[in-house]
Amino acid sequence: MKPAKPLVEYFKPNPTNDQDFWNTDLNCYHISGFAILPDIFALNPDSILDLGCGYNEFKKYFPHLIGIDLANDHADIQSDFLDYECEDESIDVMLALGSINFGTHELVEKQIAWMTSKLKKGGTMFIRVNPAEAPDESIQEKFYIWTVEDIYNFSVKYNLKIKDNTLKLEDRISSEYIRGGPGFANCKLYWQYVKQ
């Protein structure tokens, strides 16, 4: 196993300085990439946070969106989103499309709690996570493996409704498979939480 490196270093440009290394085409996510735009537009949000925004690609559709990213300088704010200060219950929409997949269960829960506290009642979180292995063994120990049980438990604990809820838990979550390079987990889980 490769030695662990700081997480922020993992997301910096790759050693060849290829600026497109982390620039995933959001069209390859047929459920949770640009495909979510109609759902966001339908909410007519006044305030949007994109947590772990990467190249901040949703900004061109929502100029008032604030993109926060730990490592990518295309973000409006380059920081851990937990350090972002805003009033409680002030955000209409939050995007976390691959950003809450790192750290311990306690850290992931802290992130969900923070997101819930900042989201307005009736606000929506759009979330995509990786329920499989880490994309690179150098961050394996820092990578959080999501389960359907986690999604359900957080919804109960934080009074979040899983949108399009059905009777069977397995049917509540849409999974999508995308093409990935060697070592990249292809299965993703996507869902929306609505704050009650």
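The values are calculated or read from the model by the stated rules, or taken from the named source; none is laboratory data. Source: prediction; values computed, not measured. Methodologically, a virtual Cβ is constructed for each residue, glycine included, from the backbone with ideal geometry; neighbour enumeration extends over all protein chains shown.
Structural remarks
- Given (1) touching a Leu at 6+ places or on another chain (Cβ under 9 Å); (2) at pLDDT 90 or above; (3) surrounded by fewer than 18 Cβ atoms within 10 Å (Cβ to Cβ), index of the condition I77 fails: (1)
- Residue tally, condition of a type in the set (A, V, I, L, M, F, W, C) and farther than 14 Å from A96 by Cα, over segment 38-48: 3
- Flag if L49 is closer than 25 Å to K161 by Cα, in contact with a Gly (Cβ under 9 Å, 6 or more places away or on another chain) and surrounded by 20 or more Cβ atoms within 10 Å (Cβ to Cβ): yes
- Taken across segment 77-85, residues that are among the polar types (S, T, N, Q) and out of contact with any Cys (no Cβ under 8 Å at 6 or more places or on another chain) do occur, with at least one present.
- Within segment 40-54, if we keep just the residues that are assigned to a loop (DSSP other than H, G, I, E, B) and either out of contact with any helix residue (DSSP H, G or I) (no Cβ under 9 Å at 6 or more places or on another chain) or free of Cβ contacts under 8 Å to residues at least 12 places away in the same chain (or both), the residue that is farthest from I91 (Cα to Cα) turns out to be N44.
- So F62, is it in a helix (DSSP H, G or I) and more than 16 Å from W191 (Cα to Cα): no
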